[in-house]
Amino acid sequence: MLKELEELQRQAEAELSSAKTEGEFLAVRTRYLGRKGLLTRLLRNIGNVEEEKRPLFGMRCNEIKEAISGKIDTALAKLASLRREEVLLRDKVDVTLPGRTHRYGRVHPITRVRQEICSIFAGLGFSVVEGPEVELDYYNFEALNIPKDHPARDMQDTFYIEDNIVLRTHTSPVQIRVMEKQRPPVRILSPGRVYRPDSDISHTPMFHQIEGLLVDKGITFADLKGVLTSFLKQLFGEDTALRFRPSFFPFTEPSAEVDIRCVMCSGSGCRVCGQSGWLEILGSGMVDPEVFKNVAYDPEEVTGFAFGLGLERIAMLKFGISDIRLFFENDRRFLEQF
Ligand code: PHE
């Protein structure tokens, strides 16, 4: 049996020296050292060996087992490291490439204009108040001197939610809400979203307005002119020419629309200003006594002025944007310019 054992070792070593792949080495291991392997079987039959030779036989068995399994482990480790090296050579990483940078957000142009206007009026003593976008008919129309079936309702097409509930068509209802709660003097600015069923290159169904209201003893049209002139010159530049044009709003009397000299053509006439040389910027007027009566202010005691303007329009003129829909598409190429 000892001879058989030596023969087995030679055989195993011959097989190992011709093995090349991982699979072949593993096969040798199973063939000799596995549970039913040749060496395992010999060792199991140690009882057939003459008694005095058994220790030697056992020792040799173990030595051969160690030798074979050691060679297989070494070979497998070598194969694994070769493969790793191959992968490293194939998958080259260029460590000199620049890393991925983070994209920074920008302040939306509408937000920028709102912040700028609010800060100009903060300097004039106005504080910011907000109101609901889903509004009662009473605040959006009735209390502003626009009764049901009044033709002035046609000025502002309206999204109705229920008979008496609308999406506000302007920020003017905030005037009423403020005056109901607060006695004069009042000096507020109210930015927010407003809604009208309109959609084209210069109208979106939702847009932004800012409302202003100032009420105190002895306020006159001269105050309106002074405040709005100072505001528009701060917003568009000290040299901006303005004109106040008579207009009509049910909640102001008298009313005026304010134009600035066209920022595109400086007044010579272009497509943006419709060849007129002027751009309509805001609506304004002295608060109508009927409105004061609705909030229990005494029109004999106090007077005031109000104004409203659209932020998209201001932003389009300030930044030279020709299509209002760009504000709402969230295209980064557009937004990153601001
Ligand atoms: N609310 C008016 C509009 O949306 C603007 C305005 C506000 C006019 C305040 C006069 C006074 O057209």
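The values are calculated or read from the model by the stated rules, or taken from the named source; none is laboratory data. Note that this is a predicted model, so its numbers are computed, not measured. For neighbour counting, all protein chains shown are included, and Cβ atoms are generated from backbone atoms with ideal geometry for every residue, glycine included.
Quick notes
- When residues in the range 180-194 are screened for being farther than 22 Å from E301 by Cα and of a type in the set (D, E), 0 of them pass.
- Checking each residue in the range 5-62 for being touching a Phe, Trp or Tyr at 6+ places or on another chain (Cβ under 6 Å) and not in a helix (DSSP H, G or I) picks out A19, V49.
- Residue list for the range 159-213, filter: within 12 Å of the ligand (Cβ to nearest atom) and part of a loop (DSSP other than H, G, I, E, B): R168, T169, H170, T171, S172, R196
- Each residue in the range 214-257 was checked for being within 15 Å of the ligand (Cβ to nearest atom) and of a type in the set (K, R), and 2 pass.
- Of R333, R325, all but one fail to be free of Cβ contacts under 8 Å to residues at least 24 places away in the same chain and part of a helix (DSSP H, G or I); the exception is R333.
- Near pairs, Cβ below 7 angstrom, 6+ apart or cross-chain, from the range 147-158 (in contact (Cβ under 8 Å) with a residue 40 or more places away in the chain) to any residue that is more than 12 Å from the ligand (Cβ to nearest atom): D157/P197; D157/D198
- The sole residue among V263, V272, V287 that is surrounded by 14 or more Cβ atoms within 10 Å (Cβ to Cβ) and over 27 Å from P205 (Cβ atoms) is V287.
- For the range 89-98, the criterion of a residue being in a helix (DSSP H, G or I) and over 28 Å from the mean Cα position of the chain (by Cα) is satisfied by at least one position.
- In the range 257-277, the condition of being under 25 Å from P173 (Cβ atoms) and touching a Lys or Arg at 6+ places or on another chain (Cβ under 6 Å) is met by at least one residue.
- Residues within the range 40-62 that are within 20 Å of T30 (Cβ to Cβ) and free of Cβ contacts under 8 Å to residues at least 40 places away in the same chain, tallied: 5
- Check on R271, assigned to a strand (DSSP E or B) and away from the ligand (no atom under 16 Å from the Cβ): no
- When the test is whether a residue is assigned to a strand (DSSP E or B), more than 16 Å from the ligand (Cβ to nearest atom), under 26 Å from I120 (Cα atoms) and not charged (D, E, K, R), I281 does not pass it.
- Boolean, E301 is within 14 Å of the ligand (Cβ to nearest atom) and charged (D, E, K, R): no
This table checks each residue for (1) outside the structural domain of G310 (by TED's automatic domain parsing); (2) surrounded by 15 or more Cβ atoms within 10 Å (Cβ to Cβ); (3) under 24 Å from S119 (Cβ atoms); (4) not charged (D, E, K, R).
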position: K148; (1), (2), (3), (4): no, no, no, no
position: V178; (1), (2), (3), (4): no, yes, yes, yes
position: I201; (1), (2), (3), (4): no, no, no, yes
position: I210; (1), (2), (3), (4): no, yes, yes, yes
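- Residues of the range 63-79 classified as touching a residue at least 40 places away in the same chain (Cβ under 8 Å) and either exposed (fewer than 10 other Cβ atoms within 10 Å of the Cβ) or within 60 Å of the chain's Cα centre (by Cα) (or both), total: 4
Table: residues versus (1) surrounded by 14 or more Cβ atoms within 10 Å (Cβ to Cβ); (2) touching an Asp or Glu at 6+ places or on another chain (Cβ under 9 Å); (3) more than 30 Å from G320 (Cβ to Cβ); (4) small (G, A, S).
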residue	(1), (2), (3), (4)
R183	no, no, yes, no
K217	no, yes, yes, no
L228	yes, no, no, no
L242	yes, yes, no, no
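- Selection within the range 288-314: residues that are out of contact with any His (no Cβ under 9 Å at 6 or more places or on another chain) and of a type in the set (G, A, S). The member of this set that is nearest to D198 (Cα to Cα) is A306.
- Of all the criteria given as (1) exposed (fewer than 11 other Cβ atoms within 10 Å of the Cβ); (2) over 26 Å from E180 (Cα atoms); (3) modelled with pLDDT of 95 or more, the one not satisfied by S119 is (2).
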